[in-house]
Amino acid sequence: MLRRTFIALAAVATLTAPALAQAEPRTLTDAERQLINEINAHNSGVKTMVGRFLQIDTQGSRIEGTFFIERPGKVLFRYNPPSYEQIVSVGRGFYVVDRKEKTQYAYPQDKVPLRQFLDENIDLFKANLVAIAQSDDYVSLTLQDDTPRGVVRVALVFDTESKDLKQWTLTEPSGNELTFSLYDVEYGVEIPRAYFYIDPTFRAVNAPADS
């Protein structure tokens, strides 16, 4: 089931490529604006969500893990063993924490598209929306950020019926892509406060050169 769903998600995400080549995003239709309003309203109403994720990079490397989100401002992505890394936000930026080495470093904001979903009220019209594409089951919204490293794009894929976020693909200025697919998601779950915590005794280190 996960494989079939992932293939369908990947297919609609690729539909945004031609639109991104345009110099200016086209005007949205009334139906598209209504759909985005519904996506904004639905996801603003989701205060907590937990589940599992599958991460795939340009080389095809696959990593799985668990995630916890609490709006506003809190997120934890914990990679499965043998990795000891996790990405944490407690509302004051994002950090990569290595629980084994007891280190942490600041994670670039432009590499965390979920920041669009950590506000109390989500409004994708305020983001730089440059493309929209739809299939029978999914809609893909592509956001673009101009960063000091170059243009970063994020294609967010939602279930058309439920309006739930299912997947996103980050495209870096180099052209490298990183795709996250969410599954086994539960909503309205009480998350222990201790999950959103950065140990102040952990040593601060510089981010790797390719981060």
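Here are some notes:
- Put simply, the amide H of residue 147, placed in the peptide plane, has neighbours under 5 Å in 152, leaving out anything fewer than 5 places away on its chain.
- Out-of-range pairs (alpha-carbon distance over 29 Å; input 102/166; 102/126; 126/163; 47/126): 102/166; 102/126
- Taking the empirical scaling 2.2 N^0.38 Å for compact globular proteins as reference, region 70-211 has a Cα radius of gyration ratio of 1.11.
- Once the chain from residue 195 to residue 98 is taken as fully extended at 0.36 nm per residue, the excess over their C-alpha distance is 33.5 nm.
- Annotation for region 65-145: trypsin sites (Lys or Arg not before Pro) lying in DSSP loop with at most 10 further Cβ atoms inside 10 Å of their Cβ are 92, 100.
- Note on residue 146 and residue 42: the extension gain reaches 34.7 nm, defined as 0.36 nm multiplied by sequence separation minus the Cα-Cα distance.
- Overall form of region 151-211 per C-alpha gyration tensor (a/c, 1.5; a/b vs b/c): oblate
- Added length on full extension, which subtracts the Cα-Cα distance from 0.36 nm per residue, residue 105 to residue 59: 14.1 nm
- Coil-residue GluC sites (Glu not before Pro) of region 152-211, DSSP, other Cβ within 10 Å capped at 14: 161, 190
Each value in this text was obtained by applying a stated rule to the coordinates, not by laboratory testing. Fair warning: this is a prediction, and the values are worked out from it, not measured in the lab. Note that we place each Cβ from the backbone using ideal geometry, even for glycine, and neighbour counts take in every protein chain shown.
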